[in-house]
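Accompanying notes for the structure given below.
The values are calculated or read from the model by the stated rules, or taken from the named source; none is laboratory data. For clarity, every value in this text was computed on a predicted model and none was experimentally measured. All Cβ positions, glycine included, derive from the backbone under ideal geometry; neighbour counts span all protein chains shown.
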Amino acid sequence: MTETTITMRKLTASEGYVLTNGDVYGKEVYLGVNDSAENWHEITDAEYAEAMEKLEQLAEEE
Amino acid sequence: MATVKGVWVFNETVEIEGGSWFSVNFMSNGVAYIAMSDRQRETSIVQDMRLRYFTSSSSGTKVYEEEWLNEAYRTVDFGTTPQEVSDEFYAWFTANATRQADEPEEEVGNIQINIAENGTTTLATAGKYCDRDIDVAVTVDTETPYNEGVEQGKQAEYDAFWDSFQPNGSLTRYRGVFSGYGWNDTTFAPKYDIVPSSAVANMFYYTRIVDLKQALLNCGVILDLSNVKDCAQVFTFNNSLKTLPKIDISSATKTAQLFYNNAKLESIDELVVNENTPFDRCFNNSPSIAHLIVTGTIGQNGFNVQWATKLDKESLLSIIDCLKDYSADTSGTTWAVTLGTENLAKLTDTEKAVATQKGWTLV
């Protein structure tokens with residue numbers, strides 16, 4: 001029998017903020033075994049909305 | 001010519017009309033006969049009214065003379081096979097004898113004949129006897145041939161259209177082919193498998209087809225995108241599509257907006273991918289997707305279904321199961337799969353850990 005303890009590292013964005021690594025965005029992040037919290041930072045909801053707006057415009061143009 | 005068969009019984013009194021020889025095979029009183037003759041001779045000396053049965057042309061037995069000489073002779077058996085007799089004999093005989101039903105033989109009843117067009121038919125009289133006229137009611141069916149003609153016309157029209165539209169199955173460029181409001185679950189009825197090799201953008205753009213999976217099943221054809229490299233915008237901008245069949249994009253190098261802006265899309269039977277398949281805003285603005293089974297490998301390009309907040313657990317677990325194992329990768333790269341807060345809440349920590357232990361960050 002093998003007993004394994006799995007540690008989950010979870011980042012949760014502050015109220016009014018969104019977490020991003022520059023490519024993906026989310027309110028909560030469960031880090032992979034080799035990922036680091038240093039790769040993630042918070043942006044405001046407004047900045048997130050602006051980023052999404054740009055993506056939408058890009059999609060419409062395509 | 002008439003025919004007789006079966007067992008008959010002469011009347012108590014027989015009308016002898018005289019002078020006729022009737023060739024007919026029958027059994028009576030245990031003897032096989034080949035003919036019978038009635039004879040009426042009336043002179044000043046003798047009044048002769050006889051019925052004779054003959055075993056040969058020259059050997060006859062008198063069986064009736066004013067009365068039956070032996071009651072057993074009243075019964076004659078013509079056998080089970082109908083034999084032809086003269087109309088004269090039939091008229092005289094049936095006026096003087098009665099057919100005996102051969103149990104359980106059934107008497108022919110009235111016969112209904114349905115005739116669609118000029119032709120022949122067979123009366124259902126096998127194994128039955130008849131000693132009377134048969135009433136035959138004839139119904140001319142004009143509806144069936146008309147309906148068959150309509151169906152043949154529809155088929156011819158269908159073949160003519162689809163043989164032209166998908167040039168006898170050779171069409172490989174499907175760009176925008178089924179786009180627009182004219183295509184719905186009825187009008188979309190391809191005759192040939194849809195197997196494009198290039199140019200599929202906007203194939204179903206703004207279509208009115210609702211259940212593409214069933215529509216394909218109804219036609220007995222498949223949609224196979226497995227040879228297509230540019231799968232961008234195949235199903236983009238739709239407000240009707242709800243159900244999609246298996247979609248194989250394992251050869252795709254472009255998938256931009258593959259399922260983008262599908263407000264009502266609920267189910268994708270299976271999405272076949274490989275570790276190099278890009279996922280570029282594939283599911284953005286498609287919030288109704290509840291069932292999406294992914295098979296293959298999700299690799300370097302990640303996966304993002306954050307718009308599909310209604311995904312069921314089976315779908316989420318299929319995604320996690322497909323994630324390539326990057327646990328040994330220490331390059332510092334973030335391998336991210338974006339499920340969204342609502343979907344993450346459906347997973348247990350153990351289920352999430354399957355992904356994180358493979359080196360994936362769940363967002």
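The table for this structure:
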quantity	calculated
Test: residue in segment B:266-283 that is part of a loop (DSSP other than H, G, I, E, B), of a type in the set (A, V, I, L, M) and closer than 26 Å to B:R208 by Cα	no
Near pairs, Cβ below 7 angstrom, 6+ apart or cross-chain, from segment B:86-97 (more than 14 Å from B:K5 (Cα to Cα)) to any residue that is of a type outside the set (F, W, Y) and surrounded by fewer than 17 Cβ atoms within 10 Å (Cβ to Cβ)	B:D87/B:M1; B:D87/B:A2; B:E88/B:S20; B:W92/B:E17; B:A95/B:E15; B:N96/B:N11; B:N96/B:E15
Residue check, B:V354 touching a residue at least 40 places away in the same chain (Cβ under 8 Å), of a type in the set (A, V, I, L, M) and within 14 Å of another protein chain (Cβ to nearest Cβ)	no
For B:L323: the one exception among (1) in contact with a helix residue (DSSP H, G or I) (Cβ under 7 Å, 6 or more places away or on another chain); (2) within 24 Å of B:D248 (Cβ to Cβ); (3) within 7 Å of another protein chain (Cβ to nearest Cβ)	(3)
Residues located in segment B:189-240, provided they are within 17 Å of B:I289 (Cα to Cα) and within 29 Å of the chain's Cα centre (by Cα)	B:I209, B:V210, B:D211, B:L212, B:K213
Subset of segment B:242-265 that is more than 16 Å from B:A201 (Cα to Cα) and in a loop (DSSP other than H, G, I, E, B) - its residue that is nearest to the chain's Cα centre (by Cα)	B:K242
Condition check for B:S198: among the small types (G, A, S), in contact with a strand residue (DSSP E or B) (Cβ under 8 Å, 6 or more places away or on another chain) and surrounded by 11 or more Cβ atoms within 10 Å (Cβ to Cβ)	yes
Residue check, B:A256 buried (at least 16 other Cβ atoms within 10 Å of the Cβ), without any contact (Cβ under 8 Å) to a residue 12 or more places away in the chain and either facing chain A (nearest Cβ under 8 Å) or among the small types (G, A, S) (or both)	no
Looking only at segment B:330-345, and only at residues there that are surrounded by fewer than 15 Cβ atoms within 10 Å (Cβ to Cβ) and not hydroxyl-bearing (S, T, Y), the one that is nearest to the other protein chains (Cβ to nearest Cβ)	B:G332
Residue in segment B:105-128 that is among the hydroxyl-bearing types (S, T, Y), assigned to a loop (DSSP other than H, G, I, E, B), modelled with pLDDT of 75 or more and surrounded by 11 or more Cβ atoms within 10 Å (Cβ to Cβ) present	no
B:S288 touching a Lys or Arg at 6+ places or on another chain (Cβ under 8 Å), closer than 25 Å to B:N238 by Cα and away from chain A (no Cβ under 14 Å)	yes
Wholly within segment B:307-357, helices (runs of 4 or more DSSP H) carrying at least 2 residues that are farther than 23 Å from A:M52 by Cβ	B:313-322, B:349-357
Answer residue from segment B:299-315, given it is within 13 Å of another protein chain (Cβ to nearest Cβ) and without any contact (Cβ under 8 Å) to a residue 40 or more places away in the chain and is farthest from B:L241 (Cα to Cα) among those	B:Q300
Top-ranked residue of segment B:134-190 - restricted to ones that are part of a helix (DSSP H, G or I) and β-branched (V, I, T), ranked as modelled with the highest pLDDT	B:V150
Residue match in segment B:14-26 (condition: modelled with pLDDT of 85 or more, farther than 18 Å from B:Y90 by Cβ and either surrounded by 16 or more Cβ atoms within 10 Å (Cβ to Cβ) or out of contact with any Asp or Glu (no Cβ under 6 Å at 6 or more places or on another chain) (or both))	no
Residues located in segment A:14-50, provided they are touching a strand residue (DSSP E or B) at 6+ places or on another chain (Cβ under 7 Å), exposed (fewer than 15 other Cβ atoms within 10 Å of the Cβ) and away from chain B (no Cβ under 13 Å)	A:S14, A:G16, A:E42, A:T44, A:D45
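Let's see how each residue does on (1) modelled with pLDDT of 95 or more; (2) among the small types (G, A, S); (3) closer than 27 Å to B:A345 by Cβ:
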residue: B:K213; (1), (2), (3): yes, no, no
residue: B:L223; (1), (2), (3): yes, no, no
residue: B:A232; (1), (2), (3): no, yes, no
residue: B:S251; (1), (2), (3): yes, yes, no
residue: B:Y260; (1), (2), (3): no, no, yes
residue: B:I289; (1), (2), (3): yes, no, yes
residue: B:I319; (1), (2), (3): yes, no, yes
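Yes/no per residue for (1) touching a residue at least 24 places away in the same chain (Cβ under 8 Å); (2) more than 12 Å from the chain's Cα centre (by Cα):
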site: A:D23; (1), (2): no, no
site: A:K27; (1), (2): no, no
site: A:Y30; (1), (2): no, no
site: A:N34; (1), (2): no, yes
site: A:W40; (1), (2): yes, no
site: A:A49; (1), (2): no, yes
